[in-house]
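Here is the structure we will look at.
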Amino acid sequence: MTGHIRVSVVIPTYQRCASVQRALEALGHQTMTATEYEVIVAIDGSDDGTTEMIERFQAPYRLSAMWQPNRGRAAARNAGIRVACGEVIVFLDDDMEPAPGCLLAHADAHPPGSRRAVIGPVPIPVDVSSPPIVHYRSEGIESHLSRLAEPGHRLGFRDMYSGNLSLRRDLLHEVGGFDETFTLYGHEDYELALRLVKAGVELGYSPQATALQYYEKDFAAFARDCLARGHTAVLFARKHPDTTSSPQLAGYHTGSPGWRLVRSGMLGLSTWLPRFPEWVIAAMTRLEQRRPRRLPGLYRRSLDYFFWVGAQSALRAPSRPGLQRLRFGLSLMVLFVVGYSLRLAAREVRELQHASGPDEISRYEARFQGLRQALPPYGRVGYVTDAAPQGGDDVEAPRLAFKRYLLTQYALVPTIVLPEYPGPLAVGNFQSPNGLNSGARRQPTLVRDFGGGVMLLRTAAE
Amino acid sequence: MMPGFLASLVAAVLIGLLSLGCLRWSQAEVLRSRVLLVSLAVGMGLGLSSAVFFLWLCLVGAPSSGFPLSELGVLILLGSVALHARRQRRLRPRPSVTEDAAVSPPNHPLLSLALWLSTGCAMMAFLAHSAAGPQGGWDAWMTWNMHARAIYRGGDHWRAVLTGLPAWSHPDYPLLVPASVARIWTYMGEATQLAPVTVALLFTFATVALLYASVSRLRSRTQGALAALVLLGTKFFILQGTSQFADVPFGFFMLATFALLALPGVWPDDRPRLLALAGVTAGLAAWTKNEGLLLLPAVLLGYGLVVVRARGWPTGLSDARAFAIGLAPVLALVVCFKIWLAPPNDLMSDQGFRQTADRLLEGSRYLQVAGGLTRGFLEVSVQGILGLLLGGYFFCARPAAEGPSRLGARIAITALSLVLAGYVTVLLTAPAPLLATNIRSINRLLLQLWPSALLAYFLRIRTVEEAGLLGPRLSEAGSAVRGSDRGLLPLSEAS
């Protein structure tokens, strides 16, 4: 099997031996002559027998495999690029089954001198027995593909994916291949596409270059992918601050307020309870089995949550020793304040409920209302009471007597009430009914009794 | 009654807003800071409208139904000036400050929730406490509401009634709070407790809002929320607010002064305007309580010590000029009140050099004052719990690096230290009969400083973002969105 290699197919894989085998078999049925292409399987640390399977595999085309410790898809693809010798490199994911015309369509999309990156459709075949998550993914992909197929649609870097992508090898070398710092799932394709766009590469879509995607992940795996995508979205945003990888990353404050509140709560819980995302996965898996009508909506929201869990983990600075202390201090302060505010409010409301009628000062004032109206708008009067400070054991007595005087003044403003005022009129403020005759130094005469121990008196001038 | 009540509040807030609008702001960011502007407008509006009311009393006489009309004239005048200023304004769209201070990410949702919950609880506690005791605390009816009644009920004799009140009612105290209450009564046509309760409510929550807004603007919204939370969790602050004393309004103006002195750090183009406003609020502090007359030299000295050292004399002098422009009219009002209306202050009487020196040499006084300060601090900081929490948090978060708010923090710390030193000196030299009374009210003196101390504290320490606790905000990850890429693909669907 020697000759001019037009296409090198690079398949990164991790722990999916059977899928790789299906892809290799499909690659044996291409319309392109088998001598014109080679297949390189970049094994990213798999230990599930993929290497042995490839060694045994009888391929009509040139097949090679390479193994590296698990470093992520970007590194695996770069390893494949380094050994590829085709003019055009086609990247296929390990769960793809390329249609017979796929490689030829890719090869034809790159005439000599062209600077293009081309993606082919990756529909997910489904039937009634397919799990609901596969239906959900299939609908998402179909909607994306139909958007790509719209006449006049110009591809942006966010339209690109690397599951079925081709471009000339020299272009890949020119831009430096995939960024290997993307060790987790996602965004290495956008990142490459963005650099290609910046290098003046045209993005294209070839409907003939179809590869079926056999989606075999369950919800848990898909949720973990979303989490990884959230993480890598932040890495992408940090690497390219002048743009953003997805509207989702820019849309933390978009969406329904109710969901945002729930999501905030869930993200908060995820911070404190590292196992919380696993509990969500378990809950969703159980729910999935019942197939409720609102399952797509639940998928959408839970996957949104997992995306932000990933983004949050990427945004969080690496843990430092003092950080736990700070978190503890902050939580303590906030909890104390909120708890204390609740306690204060509850206490005040309880006291208000137990209060009977008007407060002491208002009641006191009401006693003086008649007298105040009878007094002239401005003037000075004396003050006579039966509760003058007597000394003795009751230490509170002088204070209470003084308070009664102050309240009398407060009630009678603008009239000035002075205990020592020598004028002819005085205000009588008595507690006992015969107080007028009991406590006063001078012997006043009653001018008018307003009731409740409040009197207007005439004093004999000294 | 209610229309008059509402009209009085609307007019007061409008006076505040239009006074702020009269300034030709350079940075659009200032006008976008709505919480800051509204909280300032509430306090300044009440303060300035009380000054207008006092002028009316001095010039026209008794509070009457003609006053609202004259205030309408003031509003029209301010509105015209504000309109003119708006036309003359050349706003700069972007703030010329460091990014972290100018573009503060939104608050953390859980912190927002805690803030709203605490605000709701504090409001409920305030209203319940006020409903149970609408006359306020002892000093409220004995001093502040008594003065308000003297002004309102005194009619043409208001001056004689006010100055004729017994000495225990302290007729020498400035009139911002009493005049604000009497002004609302004039609008309403009757004296009800709704007015002092409302004035107290507005000042209490405007202080919280101002603290939140200023720290948010100077540091980060998370930091602002934390500062506001701590203030809301200060039970003594909320209950003193309901007591209708003048300490919370005074605390508001002190806080406003320090915040406005710090804000040029992030809005350098509006430096003279912010300093002039700081002058107004410092003047209004002196129009609220006699302690304001101590605050003024402390602010000037503190500002001078920090700014002249950092930026030299020319900046210090031009800043002082701007501050004086704002301060002068309000201070003139206070001086007129002190000269022509107020009797001598009881603290000032019996203060000869010999007596003062003798008192300063009494060791027992120091012990009493230290004990009073400790008890006061414990009371303000919820039996010291908040103090411990803040101390521990400072230890964990550590001081902030150099930034636009550092100078403001230094000014506040220096001036607050000077004010505290002034309070201690006054206490040490107070005549013997007043000492015990004054020591009992140290908690309220400390409460006046509390909002400003929280401002200084939260300006000084690192934000949770800087400390790396929350990391950059989730919303921040996508904040650098530029351009217009099409064919956007939801991530969960991309493979």
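Just so you know, all these numbers are worked out from the coordinates, no wet-lab data involved. Remember, it's a predicted structure, so these values are computed and weren't measured experimentally. Positions of Cβ are backbone-derived with ideal geometry, glycine not excepted, and every protein chain shown enters the neighbour counts.
Things worth noting here:
- Estimated translational D of the stretch B:164-204 in µm²/s (Stokes, Kirkwood radius over Cα pairs; 37 °C; 0.692 mPa s): 294
- Working from label points 7 Å from Cα in the Cα-to-Cβ sense, the A:T33 to B:L317 distance is 9.3 nm.
- If you sort the three axes of the alpha carbon gyration tensor as a ≥ b ≥ c, you get a/c of 1.5 or more for the stretch B:204-267 and a/b no higher than b/c, which makes it oblate.
- The C-alpha atoms of chain A define a longest principal axis, and helix A:396-412 lies at about 90 degrees to it.
- Helix A:321-354 axis versus longest C-alpha principal axis of chain A: approximately 40°, rounded to the nearest ten.
- Distance from the stretch B:21-42 to the stretch A:286-362 (C-alpha centre basis), Å: 32
- Size descriptor for chain A, Kirkwood hydrodynamic radius: 29.1 Å (Cα pairs only, one decimal).
- A straight line joining the Cα centroids of the stretch B:118-181 and the stretch A:77-116 runs 85 Å.
- You can think of it this way: the chain between B:L83 and B:A7 has 25.2 nm of extra reach, that is 0.36 nm per residue less the Cα-Cα gap.
- Mean shadow area of chain B, taken as a quarter of the surface of its Cα convex hull (nm²): 26.7
- Antiparallel content of DSSP bridges confined to the protein assembly as shown, in %, to 5: 40
- Cβ charges +1 (Lys, Arg) and -1 (Asp, Glu), total dipole of the protein assembly as shown, debye: 1980
- Extension gain, B:F395 back to B:A421 (0.36 nm per residue minus Cα-Cα distance, nm): 6.8 nm
- Using a cutoff of 8 angstrom between alpha carbon atoms and counting only pairs six or more residues apart, the relative contact order for chain B works out to 18 percent.
- Annotation: Cα Rg of the stretch A:66-113 relative to the compact-globule expectation 2.2 N^0.38 Å equals 1.33.
- Remark: mean inter-chain Cβ contacts per residue of B:132-143 equal 4, using a 10 Å Cβ-Cβ cutoff to other protein chain atoms.
- Shielding of peptide A:347-353 by partners, expressed as the average count of other chain Cβ atoms within 10 Å per residue Cβ, is 6.
- Loop-located chymotrypsin sites (Phe, Trp or Tyr not before Pro) in the stretch A:263-340 whose Cβ has at most 12 other Cβ within 10 Å (DSSP): none
- Beta bridges from DSSP with both residues in chain A: antiparallel share about 40 percent, rounded to the nearest 5.
- Helical segments meeting 30 Å axial Cα length and Kyte-Doolittle -1.0 threshold in chain B (DSSP H): B:34-59, B:66-88, B:109-132, B:194-218, B:313-340, B:406-429
- Full extension of the chain segment joining B:L69 with B:A160 gains 30.2 nm, where the gain is 0.36 nm per residue of separation less the Cα-Cα distance.
- Helix A:276-290 and the longest principal axis of the Cα set of chain A meet at an angle near 70°.
- Checking every one of the GluC sites (Glu not before Pro) in the stretch A:179-281 against DSSP loop status and a limit of 13 other Cβ atoms within 10 Å picks out A:E216.
- Global size of the protein assembly as shown as Cα Rg and Dmax, reported in angstrom: 38.2, 136
- For the stretch A:217-316: rounded, prolate or oblate by the Cα gyration tensor [a/c cutoff 1.5]: prolate
- Where only DSSP H runs of four or more residues are counted, the protein assembly as shown gives -19000 deg cm²/dmol as its mean residue ellipticity at 222 nm, each run worth -39500 (n - 2.57).
- Anisotropy class of the stretch B:106-260 from Cα gyration tensor, a/c 1.5 cut: prolate
- Förster radius 51 Å - calculated FRET efficiency between A:Q68 and B:L388 (Cβ-Cβ, nearest 0.05): 0.40
- Inter-centroid distance (Cα atoms) of the stretch B:365-402 relative to the stretch B:442-456, Å: 11
- Per-residue shielding of A:407-417, expressed as the average number of other chain Cβ atoms within 10 Å of the residue Cβ, stands at 6.
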